[in-house]
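K.L.:
Have a look at this one before I ask anything.
The values are calculated or read from the model by the stated rules, or taken from the named source; none is laboratory data. These figures come from a predicted structure and were not determined experimentally. Cβ atoms come from the backbone with ideal geometry, glycine included; neighbour counts cover every protein chain shown. Each accessible area value is taken on the protein alone, full model and side chains, heavy atoms only, with ligands, DNA and RNA left out. Shrake-Rupley method; radii C 1.70, N 1.55, O 1.52, S 1.80 Å.
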Amino acid sequence: MFEFTKLMKFDVKVVVVKDILHEGDTARALISRELAEKLGVKDGGLIRLTRGDVSVCFEAIVSEFAEGVDVVIPSGYFASRLADEENPKLFKAEVEKCDKADSI
Amino acid sequence: MRIVCTACSCLCDDIVIEGGKVYHACRKGYNLLRGEREVNTVDGEKCDFEKAVKSAIDVFGNAKRPLIFGLDNVNCETQKLALKLAKNSGAIVADHSTLSCGELIKLAISRKHATLEEFRDRGYVSIYWGSNPHNGIPRHLSRFTYYPRSGKRQRGYEEDRFLVVVDVRKSETAKIAEKSKSGLFIRVEKDSDLIDSFLKALEGKAGKYVEVARALKEMEKSDLNAIFGGSGLYFGLNGGLESFEGMLDRLADLNVHFIPANTKANMRGFVELMLKETGSLCYDFGEGEACSLKEAFSLCDVALIVGADPFRTVPWTISSMIREREVILVNSLKSVTGRLCGSRVKISPEISCFSGGTMVRSDGVEVRLSGGGKERSDEAVMLSLLNQEV
Amino acid sequence: MPSPLDIYKLLPKTNCGKCGEKTCMSFAFKLLSGERKLEECEPLFSPKFEKNRKKLEEMLAIVEKAKETGLIVNEELCTGCANCIVSCPVHVEKDPYNAAMGRGIEMDEPILRIEDGVVRVVNLSLCRRYGKERTLCVVCRENCPTDAISFVEEA
């Protein structure tokens, strides 16, 4: 069956935080329950964030700790790829579903 | 063996290593002590420490416009030597402070504030603003602010402490505050609105965030309260540091101190030194003027990275510039920069926990580190670069 | 920790009664409390249920671990913040100048201790939830924001 959610793309609020439990070689991001429902992504599903001409694919973890924003990325290599020089903590990015999480 | 942990700015002095196990250190501390060690290399070939240092002297000596970056995780003695080296070679010097808590540390230096031990013994209201200590400085709540039963605060978090968390999202620390009867979580969109709410509440008026009235009421009960500001506060203020400072002035009557909640172990030491020596946080000794981090990375031809992993911590648009430069990496542990950047030289010194010397904790207290053998330490590497001999 | 429903879902759900229980749900509850063993469910050992049996064996291994200690620490969720150690009323009473003040715990045989970056159960017999005069203390769990601590009774 054709999945319409695969075509969905929209802007989300991204926060970069220290996160000892989720930082590492595989790109992982916490997402709010609202965003998960909107995108049709389950826990462990995959999302792509795009800012300008940079995209990173993350394994999504549906988490209470993303409540209040849409996406929370652990600081590290993947966050630095997307980060805004002016405000590396908080920025907007475009989100969509994808097929494979990035790793270093 | 008892050591001081240098994984974050808490500089915990109660860590015990015994029978191969590490006791009392948080996950961050354990990762530092037991993380995979970097290997000394020159042009990708493994070598001994001395050869790597010798090559570093050659590469650095040929630099026309060197950059010395990092330094906020190494001891004060290494920082001082790095600044001396920068003066001699006309290098640019920078750490992460312009990307996180540098301005907040400057603010704290300019004001009188309590030490963390004083707060542990007397403090009542802790406001974590734009900071999630649970991940950045994991033992901050249990050692210094919300949980300890100490001095005048023997009833601990149950009755003798009040926790306020200001954040854009529900962090782990916010969850603790939200669950507690002696806590408050204020979810903000614009930090300036919260400052405005504090100022209005002081005049008995209601602002956007009505919860601040309760925080102020709690503050009245104590002779010591504190705002612990993290990088989220700095970026949330969006240049409005003056209005925050104005609010602190008004809150002084309620015994509210400002203490930075920076995470890097010795960022405060670096900021104190840079302010004393240069008056700025990122300085170009070649031109004799302050510069931005972007300028620092773009202007250099050789980058000496000390105790840092810029590919993890600096926006890629800036850090990736060093891929085109000659890089000398001085880092005890394996790093992303070490893996992805074609470094000319990699030097793996002793972990800073065992290097001796001093670091400055986030509250300005100097902490003496364990060990002291200068051989193969960050300090030894810097001294070799300065004296141009191994 | 698995719930009785998690276990029930993997059982044959035929209510055959061969195990001595009237329903598979009741068997699930007793498996969890340790009153029944997996081997007592005869149909589960037929090839048809082999996959489910293996999953159940994995689940019950976690339960076994819980019984040995009474509480479970999910180390993957623990940051070693020590909130649980400093807030524990027994630690406060017995180690007032270290654990209670936020320093590394120094009492002999503490209930919990941070080892290798995560909290580990050292001696549960001192915990107020166990022993003769048990109380329903949940302090360590309540002060863990990542839910790394759970009790066996909550299964």
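K.L.:
What accessible area, in Å² to the nearest ten, does a 1.4 Å probe give for B:HIS140?
P.N.:
0 Å²
K.L.:
For chains A and B, what's the summed buried accessible area, probe 1.4 Å, to the nearest 100 square angstrom?
P.N.:
Approximately 2600 Å² gets buried when A meets B.
K.L.:
So if R0 is 41 Å, what FRET efficiency would C:TYR97 and B:ARG34 give, r being the distance between their Cβ atoms, rounded to the nearest 0.05?
P.N.:
Computed FRET efficiency for C:TYR97 and B:ARG34: 0.90.
K.L.:
Given a cut-off of under 8 Å on Cα pairs at least six residues apart, what relative contact order in percent is computed for chain A?
P.N.:
43 percent.
K.L.:
Find the lysine pairs in region B:102-260 meeting two conditions, Cα atoms under 22 Å apart and a separation of 8 or more places or different chains, and report how many there are.
P.N.:
Eligible lysine pairs with Cα atoms under 22 Å apart amount to 25.
K.L.:
Here is a follow-up. Relative to the longest principal axis of chain C, what angle (0 to 90°, nearest 10) does the C-alpha long axis of helix C:50-69 take?
P.N.:
30 degrees
K.L.:
Here is a follow-up. Count the net charge of all other residues whose Cβ sits under 14 Å from the Cβ of B:GLU326, scoring Lys and Arg as +1 and Asp and Glu as -1.
P.N.:
+2
K.L.:
Report in % the part of the accessible area of region C:4-69 that belongs to carbon and sulfur, leaving out ligands and nucleic acids; probe 1.4 Å.
P.N.:
54 percent
K.L.:
Right, another one. On average, how much accessible surface per residue is there in region C:4-69, in Å², for a 1.4 Å probe, leaving out ligands, DNA and RNA?
P.N.:
63 Å²
K.L.:
Need one number: % antiparallel among DSSP beta bridges in region B:1-137, to the nearest 5.
P.N.:
70 percent
K.L.:
Additional query: By how many degrees, 0 to 90 and rounded to 10, does the Cα axis of helix C:24-33 deviate from the longest principal axis of chain C?
P.N.:
30 degrees
K.L.:
Here's another thing I want to ask about it. Taking the Cα centre as origin and putting +1 on Lys and Arg beta-carbons and -1 on Asp and Glu beta-carbons, what dipole magnitude results for the protein assembly as shown, to the nearest 20 debye?
P.N.:
It works out to roughly 1260 debye.
K.L.:
Starting from 0.36 nm per residue, how many nanometres of slack lie between B:ASN62 and B:VAL390 once their C-alpha separation is accounted for?
P.N.:
Difference between extended and current length: 116.4 nm.
K.L.:
With n ≥ 4 as the cut-off for DSSP H runs, can you work out [θ] at 222 nm for the protein assembly as shown, using -39500 (n - 2.57) per run divided by the number of residues, rounded to the nearest 500?
P.N.:
Calculated mean residue ellipticity at 222 nm is -9000 deg cm²/dmol.
K.L.:
Would you mind calculating the relative contact order of chain C from Cα pairs under 8 angstrom and at least 6 residues apart, reporting the percent as a whole number?
P.N.:
Result for chain C is 22 percent.
K.L.:
Ok, one more. Leaving out ligands and nucleic acids, and using a 1.4 Å probe, what accessible area per residue does region B:203-307 come to in Å²?
P.N.:
40 Å²
K.L.:
Measure off, as a whole percent, the carbon and sulfur share of the 1.4 Å-probe accessible area of region A:8-97, all protein chains present.
P.N.:
42 percent
K.L.:
Can you give the FRET efficiency for B:THR115 and B:SER192, using 1/(1 + (r/R0)^6), R0 = 25 Å, r = Cβ-Cβ distance, to the nearest 0.05?
P.N.:
For R0 = 25 Å, the calculated efficiency reads 0.25.
K.L.:
Now for a separate question. With an 8 Å Cα cut-off and a minimum separation of 6 or more residues, compute the relative contact order for region B:175-294 in percent.
P.N.:
19 percent
K.L.:
In the neighborhood of C:ASP95, defined by Cβ-to-Cβ distances under 14 Å, what is the net charge if each Lys or Arg adds +1 and each Asp or Glu adds -1?
P.N.:
-1
K.L.:
For the pair B:LYS179 and B:GLU242, what calculated FRET efficiency results from E = 1/(1 + (r/R0)^6), where r is the Cβ-Cβ distance and R0 = 35 Å, to the nearest 0.05?
P.N.:
0.50
K.L.:
Using the charge dipole of the protein assembly as shown (Lys, Arg: +1 at Cβ; Asp, Glu: -1 at Cβ; taken about the Cα centre), state which of A:ALA27, B:LEU275, A:SER75 has its Cα farthest towards the positive end.
P.N.:
A:ALA27
K.L.:
Can you compute the modelled spin-label distance between B:SER298 and C:ASN52, with each label point 7 Å from Cα toward Cβ, in nm?
P.N.:
6.6 nm
K.L.:
Here's a follow-up. What share of the DSSP beta bridges in the protein assembly as shown is antiparallel, in percent to the nearest 5?
P.N.:
50 percent
K.L.:
Now a separate question. Among C:71-78, B:172-179, B:109-116, how do they line up from the highest to the lowest mean number of other beta-carbon atoms within 10 Å?
P.N.:
Per-residue Cβ counts within 10 Å, averaged per peptide and sorted highest first, yield B:172-179, C:71-78, B:109-116.
K.L.:
With each pseudo-label sitting 7 Å past Cα toward Cβ, what's the A:LYS92-A:ILE104 distance in nm, one decimal?
P.N.:
3.1 nm
K.L.:
If you don't mind, another one. Where the only charges are on Cβ atoms (+1 Lys, Arg; -1 Asp, Glu), what is the dipole of chain B about its Cα centre, to the nearest 20 debye?
P.N.:
Computed about the Cα centre, the dipole is about 1060 debye.
K.L.:
Hey, another quick one. Grab the other residues whose beta carbon is less than 15 angstrom from that of B:ARG34, score K and R as +1, D and E as -1, and report the net.
P.N.:
It works out to a net charge of -2.
K.L.:
With a 1.4 Å probe, what is the total accessible area buried between chains B and C, in Å² rounded to the nearest 100?
P.N.:
Chains B and C together bury approximately 2500 Å².
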